[in-house]
Amino acid sequence: LLQQDAPVPEWASTPDVLEELRRAMPPRSRQGFTLFLTGLSGAGKSTLAKVLYVKLSELQDRPVTLLDGDVVRRNLSSELGFHKEHRDLNVRRIGFVASEITKNRGIAICAPIAPYAQPRADVRSLISCYGGFVEIFMATPLEVCEQRDRKSLYAKARAGIIKGVTGVDDPYEIPEHPELIIDTTEITPVEAAACVIDWLVNEGYLQ
Ligand code: PPS
């Protein structure tokens with residue numbers, strides 16, 4: 001089943017198969033979708049993801065699955081480090097799991113740093129075949145993330161104890177066309193979640 005504006009996967013390359021698949025796509029309120037939160041450590045991804053998990057579970061019937069960065073790294077990507085190839089592989093794994101959830105009309109909430117544009121774009125293409133893909137750029141500035149520093153990640157990076165920390169001495173490629181941009185410097189997680197829910201209602205994913 002394909003979204004109206006989704007890229008065409010290889011297996012659906014004949015026009016009649018494609019048309020049939022698109023006709024069979026349910027309205028957005030019954031499709032699966034993925035909320036893909038990306039941003040620096042400390043930007044508020046996990047906190048917002050958890051609030052969204054609770055709200056979406058209360059508001060509607062589709063099953064909701066949370067794929068948080070730390071949890072995925074412990075369970076699905078425990079052998080991976082933080083150099084570019086491993087980060088990309090980690091993000092692609094998360095994208096694959098989210099695509100399966102979306103295909104089965106569930107809701108996936110992903111919250112990795114996902115610092116590189118190409119794997120984010122590939123995940124978008126994959127998931128858009130099956131349902132909605134909502135990229136949420138957590139734009140909280142590095143200074144604010146550093147002040148929070150609940151895991152002492154930035155302190156260790158500044159002290160030279162760890163290398164390759166995103167935002168300090170490793171890149172974060174800013175999303176060019178995210179569906180939503182959220183800076184949690186001056187809004188609470190509940191207010192941020194309300195913005196996301198409003199957007200989902202306006203776009204027809206929630207009734
Ligand atoms: S990535 O880039 O998407 O694969 O990263 P992710 O899987 O989301 O993992 C991010 C969490 O790992 C911790 N951590 C680091 N982050 C960035 N750079 C380096 N070098 C690093 N080493 C460990 C960090 O606590 C991240 O947690 P979050 O939830 O983002 O705060």
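Between their Cα atoms, which of Lys55/Lys84; Lys50/Lys84; Lys84/Lys156; Lys84/Lys151; Lys55/Lys151; Lys103/Lys151 are more than 23 Å away from each other? Check vs 23 Å cut-off fails for Lys55/Lys84; Lys50/Lys84; Lys55/Lys151; Lys103/Lys151. In this calculation the C-beta distance from Phe96 to Leu59 is compared with R0 = 30 Å, giving a FRET efficiency of 0.70.
Computed about the Cα centre, the dipole magnitude for the chain is approximately 640 debye when only Lys and Arg (+1) and Asp and Glu (-1) carry charge, each at its Cβ.
Taking the Cα centre of the range 122-207 as origin and charging only Cβ (+1 Lys, Arg; -1 Asp, Glu), how large is the dipole, in debye to the nearest 20?
Here the size comes out at about 500 debye.
Full extension of the segment from Tyr116 to Asp170, taken as 0.36 nm per residue of separation minus the current Cα-Cα distance, would add 18.4 nm. Between His86 and Arg105, the simple label model (points 7 Å from Cα in the Cβ direction) yields a spacing of 4.0 nm. Between the listed residues Gly39, Gly164, Ala117, the Cα displaced farthest toward the positive end of the dipole of the chain, a dipole computed from Cβ unit charges relative to the Cα centre, is found at Gly164.
Residues in the range 31-202 average 47 Å² of solvent-accessible surface per residue, probe 1.4 Å, ligands and nucleic acids excluded.
Taken along its three principal axes, the alpha carbon spread of the chain comes to 60, 35, 30 Å, from the longest extent down to the shortest. Principal-axis analysis of the Cα atoms of the chain puts helix 117-128 at an angle of about 30° to the longest axis. In the chain, taking the dipole from charged Cβ atoms about the Cα centre, the farthest positive-side position among Ala24, Cys129, Asn75 is held by Asn75.
Computed from Cα atoms, the angle from the helix 84-103 axis to the main principal axis of the chain rounds to 40 degrees. Expressed as a whole percent, the accessible area of the chain that falls on carbon and sulfur atoms is 54 (1.4 Å probe).
Met25 to Asn75: FRET efficiency via 1/(1 + (r/R0)^6), r the Cβ-Cβ distance, R0 41 Å, to the nearest 0.05?
Once rounded, the FRET efficiency stands at 0.80.
The calculated FRET efficiency for the pair Arg158 and Glu186, based on their C-beta separation and a Förster distance of 25 Å, comes to about 0.50.
Pairs of Cα atoms in the range 83-200 fall into 5 Å distance bins, from 0 up to the last occupied one, in shares of 2, 10, 18, 20, 20, 16, 9, 4, 1, 0 percent.
The values are calculated or read from the model by the stated rules, or taken from the named source; none is laboratory data. Since we're looking at a predicted model, the values are computed, not measured. All Cβ positions, glycine included, derive from the backbone under ideal geometry; neighbour counts span all protein chains shown. Note: areas computed on protein heavy atoms with side chains; ligands, DNA, RNA excluded. Shrake-Rupley method; radii C 1.70, N 1.55, O 1.52, S 1.80 Å.
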